[in-house]
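The values are calculated or read from the model by the stated rules, or taken from the named source; none is laboratory data. Note that the coordinates shown come from a computational prediction; the quantities given were computed from them, not determined experimentally. Cβ coordinates were reconstructed from backbone atoms using ideal geometry, including for glycine residues, and neighbour counts include every protein chain displayed. These area figures cover heavy atoms from the full protein model, side chains too; ligands, DNA and RNA do not enter into them. Shrake-Rupley method; radii C 1.70, N 1.55, O 1.52, S 1.80 Å.
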Amino acid sequence: MLGPVEWVVADVATGAGLDEALTGVHTVMHLAAAPYRGRYTRQVDLEGTRRLAEAAARAGVEHLVYPSIVGIDRVSWGYFRTKIAAEEALAASAVPWSVVRITQFHDFVDRAFTAMARLGVLVADRGVRAQPVDPRDAADRLVEQAGRPATRAVEEFGGPEVLSFDEAARCWLEERGRRRPVLPLRIPGELGRAFRAGELTTRPGGRTTWREFLRENRG
């Protein structure tokens, strides 16, 4: 059973309060992120990770767990480059660490299709492969990692199945009871080639399938 919770406030974007917050802490789960927010993204995801790692090392933290994204080392995308740099900053620090790269959350894919449906059509490159994972499964994996000694290594974790984006779109329409055309639009360039090569996927993991997630979250 968990003991009492003590709430403390710190800011990874500035470093304010980090030393006080980490006093007496054994394990840190670094969940702070600010994707696609311009300069603030760098302040939180990159510089904030470096500040947190340095403060954790000063405090004698024995394990810092960092959730990252599957494919960031294989797909040339702006935010992915920031995440790679953050991983490198963590690896260069003195704090013991573990990185768990995770595939896209079910919720993220659900929101993307919901936004497209409002425009009257779902756009899907049939060659793109996706491996959405349930946030609960990802959380369980991170907790498991936090309970182990630091590995100073990068591991990957994904959902239990790999789907084409077209399959994921049609499943979404079926489970949501929507009628929308699925437009087979090919993503151009290097980014499209990486997506079609399956660079956002990894070995099967997790438990909850895409369809199961949709049925559990019909509202």
Work out how much length GLU62 to ALA32 would gain on full extension: take 0.36 nm times their residue separation and subtract the Cα-Cα distance, in nm to one decimal. 8.9 nm
At 0.36 nm per residue, and after removing the present C-alpha to C-alpha distance, how many nm does the segment from LEU191 to VAL5 gain when stretched out fully? 62.6 nm
Here, the stretch 134-181 modelled as identical Cα point scatterers in vacuum has Debye log10 I(q)/I(0) at q = 0.13, 0.15, 0.17, 0.32 Å⁻¹ of -0.51, -0.60, -0.68, -1.16
Could you calculate the contour length gain from ALA92 to ASP107, that is, 0.36 nm times the residue separation minus the distance between their Cα atoms, to one decimal place in nm? 2.1 nm
If you roll a 1.4 angstrom probe over the protein chains with everything in place, what fraction of the accessible area of the chain belongs to carbon and sulfur, to the nearest %? 54
Provide the per residue accessible area, probe 1.4 Å, for the stretch 89-153, rounded to a whole number of square angstrom. 44
So if R0 is 35 Å, what FRET efficiency would THR114 and VAL154 give, r being the distance between their Cβ atoms, rounded to the nearest 0.05? 0.65
How large is the Kirkwood hydrodynamic radius of the stretch 4-65, counting all unique pairs of alpha carbons, in Å? 11.9
Name the long-range amide H neighbours of GLU161: under 5 Å, sequence gap of 5 or more, or other chain; modelled H, no Pro or chain starts. GLY205
What helix-only [θ] at 222 nm does the chain give? Using -39500 (n - 2.57) per DSSP H run of at least 4, over all residues, to the nearest 500, the answer is -11500 deg cm²/dmol
Can you give the percent of C-alpha pairs in the stretch 157-219 whose distance is more than 13 Å? 69
